[in-house]
Amino acid sequence: MVSKKLSIFISKFQTVLKRVSKFIYQFIPFENNQIAYYKTMPKSIKSRVDRDEFEGTHKSTLEKPNLNGDRLNFYLLIILYIIQGIPVGLSGALPIILQSRKMVTYEDQAAFSISLWPYSLKLLWAPIVDALYVKTIGRRKCWLVPLQFLLGILILYMANNIEDWLPESGKPNLKILIIMFFVVNILSATQDIVVDGWALTMLKKKNVGYASTCNSVGVPFGMFLGSVCFTLLVSEQFNVTHFRAAPGAGGLISMKSYLYIYGFAILVITSIVGIFKKEKDSSLEDGCININVFQNYKLLWDILKLPRIRVLAIALMTTRIGFTATDSVSNLKLIDAGVSKDNIMIVTSALYIIKLIMPIFVSKFVTGPKPMSYFLKVTPFRLLWCTTYVILVYFTPSLIRKDGLVAVPTYYYFIMASVLITNDMLNFFMLLTLFAFFCRLSDPRFGGTYMTLFNTFFYLGFLLSNTVVLKLVDFSTFRKCSTNDQNSCSTPDLKNLCSANGGSCVISMDGYYIVVFISLIIGFIWYFVFRNIIKKYQSLSISHWMINIKRPVAQTATESCLMPA
């Protein structure tokens with residue numbers, strides 16, 4: 001009886017997953033309409049690309065996708081992307097936890113932000129991962145299995161020591177935390193390269209477009225598990241408030257237990273993949289040529305030599321500067337003021353739902369011929385919306401504190417949620433238009449390499465500015481002792497002296513407002529400098545972004561073979 005009910009439940013669950021995946025996929029276009037691009041090419045470019053070869057290479061992408069026979073591969077890819085997303089979520093959750101415990105300074109936060117850099121630097125070693133492999137094991141599998149085993153073992157090691165590195169009270173061992181998360185993110189970023197590449201051959205040719213669906217569903221869900229779920233599950237305050245636990249009972253689950261579960265899950269899934277999943281030999285497919293590490297780097301260099309790419313790289317690396325201060329520091333300032341990190345995370349969970357639904361309503365703008373026109377229209381509004389964050393941070397202490405005690409009124413949460421959700425909706429819309437712009441600019445023959453390169457420029461610029469902003473906030477914040485104006489509290493000795501005299505170090509000038517103001521000025525300067533350039537770039541035909549390559553006679557290049565994931 002139980003077995004019958006279980007089989008019925010599994011059948012219904014698979015039906016729901018099928019409908020959800022179809023629903024999401026209909027709003028996610030294929031990376032490029034290759035044949036349409038060919039028709040827009042001038043004769044000088046068409047002479048370099050044979051039409052029959054061009055159409056034949058992508059003929060399978062024009063067939064109607066059908067997941068029959070590919071469902072297990074589809075679900076496996078989602079699981080692998082979830083494994084990849086959890087470390088990103090954990091790297092975003094830890095600064096929130098540290099800030100809520102009053103354990104670190106903004107300079108420490110800047111140091112910890114370096115742990116996320118591997119995701120922006122992975123292009124440096126992506127060609128190596130793509131070109132070197134053990135053929136008998138499988139081009140992607142020979143990387144995936146050892147990478148995930150190392151990741152699982154490292155997570156278990158972290159679980160065994162997390163209580164020593166991050167105690168409930170006292171100074172955390174920030175140095176070892178940065179090193180461990182940096183290494184974890186290197187493994188996770190490399191796994192991303194491998195899974196992106198395997199997705200191109202794991203799915204049938206007509207279903208390759210579903211790879212983007214797996215990514216867009218799996219990674220955000222993994223980030224949700226690693227950030228929102230992790231923060232709330234390990235929070236004692238959340239357990240006491242919502243589950244009426246006794247004070248001192250801890251969270252619903254400890255950090256140690258959470259990491260143990262995640263680590264063992266990685267090892268189990270990797271073992272199953274290693275034993276049961278076979279990788280087909282992509283080198284046997286028609287039109288495939290294997291290129292070595294040098295040729296992979298040469299391909300990247302040829303792209304970088306295009307004059308417009310260099311200008312675009314500068315624009316992408318600076319596009320987020322105007323928003324970085326409010327995006328990176330505002331939540332930390334709210335926590336400093338007394339807002340519960342749990343309530344911020346609850347609002348954040350609503351943002352994930354919005355991100356899942358929002359593409360339905362904005363797809364017509366994103367898939368249009370000029371997506372960056374909408375990006376540029378939204379940019380000044382989002383820059384101005386940053387000021388609402390500043391106003392919220394400024395008035396939060398007076399709104400939530402009464403007689404020195406924190407008492408957050410209900411209306412405050414509506415105000416906070418409105419500011420955060422509106423900001424995130426604008427941000428997500430801009431990201432969608434930006435990625436659509438990347439697709440339109442990419443040389444159809446090397447779309448994956450182009451997309452990875454554009455994403456590297458964009459996220460590297462964001463992470464660099466994020467680290468710099470956190471350091472500047474700490475550098476431009478000035479304090480003084482409440483009992484002695486001459487004491488600047490600039491060193492640990494001066495802080496201890498202030499405490500010994502019965503005083504406390506209070507902020508006399510908050511660097512957050514200075515940095516936000518500077519960021520907004522830079523943001524508007526960026527808008528006026530690059531506005532016309534970007535408008536011009538999106539109007540150019542694909543021929544302006546194509547590169548010359550030398551290929552062997554009687555062999556053709558396919559996206560699956562040439563792409564450093």
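The values are calculated or read from the model by the stated rules, or taken from the named source; none is laboratory data. What you see is a predicted model, and the numbers here were worked out from it, not measured in a lab. In this analysis, Cβ positions are derived from the backbone assuming ideal geometry, glycine residues included, and neighbour counts consider all displayed protein chains. Calculation scope for accessible area: heavy atoms of the full protein, side chains included, ligands and nucleic acids excluded. Shrake-Rupley method; radii C 1.70, N 1.55, O 1.52, S 1.80 Å.
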Working note, segment 296-402: Cα radius of gyration (Å, one decimal) and Dmax (Å, whole number) are 19.2, 63
Quick check: from the Cα gyration tensor, does segment 366-441 come out rounded (a/c under 1.5), prolate or oblate? prolate
Once you sort the root eigenvalues of the Cα gyration tensor of segment 138-193 as a ≥ b ≥ c, which label holds: rounded (a/c under 1.5), prolate (a/b larger than b/c) or oblate (the other case)? prolate
Sort GLU163, GLU279 from largest to smallest accessible area, using a 1.4 Å probe on the heavy atoms of the protein chains. GLU163, GLU279
In percent, what relative contact order does segment 119-221 have, based on Cα pairs under 8 Å that are 6 or more apart in sequence? 35 percent
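Could you calculate the FRET efficiency of LEU356 with TYR75 from 1/(1 + (r/R0)^6), where r is the beta carbon distance between them and R0 is 22 Å, rounded to 0.05?
0.80
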Top to bottom by accessible area (1.4 Å), largest first, where do SER169, SER476, SER216 land? SER169, SER216, SER476
Under the Karplus relation 6.51 cos²θ - 1.76 cosθ + 1.60, θ = phi - 60°, what is the ordered set of whole-Hz ³J(HN,Hα) values for segment 152-161, x standing for Gly and Pro? x, 5, 5, 5, 5, 5, 5, 4, 5, 10
Near-label residues of segment 123-162 by backbone N, under 16 Å of a point 7 Å along Cα→Cβ of LYS280: 138-141
Distribution of pairwise C-alpha distances over segment 137-276, 10 Å bins, in %: 10, 33, 32, 17, 7, 1
Take ALA265 and ARG401, extend 7 Å from each Cα along the Cα→Cβ direction, and tell me the distance between the two endpoints in nm. 3.9 nm
Subset of LYS171/LYS355; LYS333/LYS355; LYS204/LYS536; LYS278/LYS305; LYS355/LYS535; LYS256/LYS480 violating a 31 Å alpha-carbon distance limit: LYS171/LYS355; LYS204/LYS536; LYS278/LYS305; LYS256/LYS480
Can you bin segment 74-118 into rounded, prolate or oblate? Criterion: square roots of the alpha carbon gyration tensor eigenvalues sorted a ≥ b ≥ c, rounded for a/c under 1.5, prolate for a/b above b/c, oblate for the rest. oblate
Between segment 237-272 and segment 455-507, what is the separation of their alpha carbon centroids in Å? 33 Å
For segment 518-531, in residue order, the Karplus 3J(HN,Hα) values (coefficients 6.51, -1.76, 1.60; θ = phi - 60°; whole Hz; Gly and Pro = x) are 5, 4, 5, 4, 4, x, 5, 4, 4, 4, 6, 6, 9, 4
ILE137 accessible area, 1.4 Å probe, all protein chains in place, Å² to nearest 10: 90 Å²
Scan around MET103 for amide H atoms under 5 Å from its own, H built in the peptide plane at 1.01 Å from N, and keep only partners 5 or more places away or cross-chain. none
Residues THR422 and VAL529, FRET efficiency given R0 of 22 Å [Cβ-Cβ distance, rounded to 0.05]: 0.25
Whole-number Å³ per residue for the convex hull built on Cα positions in segment 448-548: 129 Å³
Computed on Cα atoms only, the convex hull of segment 241-362 has an orientation-averaged projected area in nm² of 15.7 nm²
